[in-house]
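Every number here is computed from the coordinates shown, using simple stated rules; none is lab data. Everything numeric here is computed off the predicted structure, so don't read it as measured data. FYI the Cβ positions are ideal-geometry reconstructions off the backbone, even for glycines, and counts take in every protein chain you see.
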Amino acid sequence: MQVIFWQLLGWIYRAVIVKFVIFTAVFALVIFFVPLAAGFLSNFISTSAFTSAFSSLPAGIWYFCDLFRLDYGVPLLIAAFVSRFLIRRLPVIG
C-alpha cells in the first residue's frame, strides 16, 4: 500500500505541480513582456505614415474593406501570428 502511495505522490509531483509552476511562469513572462514589446514597437511605428497611406484609398476600396470587416480581422490575424511565434519559441511547448 505504501508503494502505491509513493508512486501516486511522485506522479502528482512530476505531472501536476512541476508543470503548473512552469506554465504559470511562462504565462507571467508573456503577460509581462508582450505589453513591453508593444510599447517598444509603438515608438518605431509612425501613425502618420499609416494615416496618409489609408487616406489615399478610394471609396470603392473602403467599401470592400468595410464589407469584409478588415478593421476586425487584420488585428486578429496579427495577434494570432504573434501568439504562434511566441508559442513556437518556447522550448517546453513547441
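Of note:
- Listed residues 30, 74, 82, most fluctuating in the chain (Gaussian network, C-alpha, under 10 Å): 74
- Angle between the chain longest axis and helix 2-11 axis [Cα atoms, degrees, rounded to 10]: 20 degrees
- Between helix 70-89 and the chain: long-axis angle, C-alpha atoms, 0 to 90°, nearest 10: 40 degrees
- Using the Karplus relation 6.51 cos²θ - 1.76 cosθ + 1.60 with θ = phi - 60°, the per-residue 3J(HN,Hα) values for the range 53-62 come to 5, 7, 6, 8, 6, x, 5, x, 5, 4 Hz, with x marking Gly and Pro.
- Between the listed residues 51, 25, 7, the Cα displaced farthest toward the positive end of the dipole of the chain, a dipole computed from Cβ unit charges relative to the Cα centre, is found at 7.
- Loop-resident chymotrypsin sites (Phe, Trp or Tyr not before Pro) (DSSP state other than H, G, I, E or B) in the range 53-94 with no more than 14 further Cβ atoms inside 10 Å of their Cβ: 68.
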